[in-house]
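Okay, structure first, notes after.
The values are calculated or read from the model by the stated rules, or taken from the named source; none is laboratory data. These figures come from a predicted structure and were not determined experimentally. Don't worry about glycine lacking a Cβ; one is built from the backbone with ideal geometry, like all the others, and counts go over all protein chains shown. All accessible areas refer to the heavy atoms of the entire protein, side chains included, with ligands and DNA or RNA removed. Shrake-Rupley method; radii C 1.70, N 1.55, O 1.52, S 1.80 Å.
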Amino acid sequence: MTEPTGSVPGDGLPDAPDSAVEEATSPDSLPTPPTTLVLVRHGVTAHTTGRRFSGGLGGDNPPLSEEGRAQVAEVAAWLRELSDSVDVVVASPVRRTRETADIIAAELGLDVVEEPGFAEMEFGAWDGLTFAEVAENDKAAMDAWFADMSAAPPGGESFVAVRERVLEALERVLGEHAGRTVVVTSHVTPIKTLVAHAVAAPLESLFRLELAPAAVSVIAFHTDPTTGERHPSLRFFNALAPGRRTLRDTGRW
C-alpha cells in the first residue's frame, strides 16, 4: 500500500488529514484570535472642565478631579466582565491616565504597565491655556497648527510626531500581548490617532472626531496567518458607561 504524499512513516512529517473537517479544525488552520485594545480616555480634570490645553508630562500634569474619578469608577465597573480575558492594563504615564489605569486595574485585579508612547501631545507654551487665550495671544501659530499636521505649538509636538510615537507604541503592545485583550488608558489625541489608523482615515480626520471624558473605544487587530499582516477593525467608538448614556453629558453633545 502506498502512503499518501508527505506522510511516509518515520519521515518526521505530519500525517495528511483524513477529511476536510479534520483539515479545517487542525491547529495550523484555525484563525489566530485577534489582539483587542479597549481604549479608555481618562476622566475629567480641572483642565478638562476649563477647556484648557492639557498635554503630557511636560505640562501642568493635573490629577483627576472627584468627578473624573467617579467617571472612571463607572467605567471600571462596566469593564469588570472582561476581567477573565484582559491581559493587562497599559497606561500613559501622565498622572490623569495613570490614576485612571489604577482604578480600572484594581477593579479587574490586574497589573498596570506604563507605555510612554500613549502619552498626550505636548502642547509646549500653550499648556494650561484656554483655546481663547491662545487664539488671542498666538493666533498665527494656532492657525498654522490647524492647517498643517506637521506644525507644532511653540515647544510642543506636531500631530505627525504624535502619530509616529503612538504607532510605535501600538506595535510594541500588539507584539507583547498577541491574541489577548488589553485595556489602554490614554488621551484624546492618541486614541483618535489609533482610530484614524484603524479605519485608514487621514490624520486630518482627528479634527472631526469627538471623544468624551472616560469614553471607551475598541479596536481589534486580526493577524493574517500567512503574511503576518495586521488588519484592524473598529468595534465601537466614544461609548459611555451605562450610567452616563445621555446626550446632555459634558463633552458629548
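Would the range 187-197 turn up any residue that is surrounded by fewer than 18 Cβ atoms within 10 Å (Cβ to Cβ) and at pLDDT 95 or above? Yes, some residue in the range 187-197 is surrounded by fewer than 18 Cβ atoms within 10 Å (Cβ to Cβ) and at pLDDT 95 or above. Could we say that residue 152 is without any contact (Cβ under 8 Å) to a residue 12 or more places away in the chain, among the hydrophobic types (A, V, I, L, M, F, W, C) and more than 25 Å from residue 43 (Cα to Cα) here? Spelling it out, it is not the case that residue 152 is without any contact (Cβ under 8 Å) to a residue 12 or more places away in the chain, among the hydrophobic types (A, V, I, L, M, F, W, C) and more than 25 Å from residue 43 (Cα to Cα).
Where residues in the range 132-146 are hydrophobic (A, V, I, L, M, F, W, C) and over 25 Å from the mean Cα position of the chain (by Cα), which of them is nearest to residue 49 (Cα to Cα)? Only one residue fits best here, namely 132. Selection over the range 149-176 of residues that are under 17 Å from residue 39 (Cα atoms) and open to solvent by less than 30 Å² (accessible area, probe 1.4 Å) gives a count of 6.
Residues that are surrounded by fewer than 18 Cβ atoms within 10 Å (Cβ to Cβ), free of Cβ contacts under 8 Å to residues at least 24 places away in the same chain and not charged (D, E, K, R) number at least 2 in the following helices (runs of 4 or more DSSP H) confined to the range 36-148: 131-137, 139-147.
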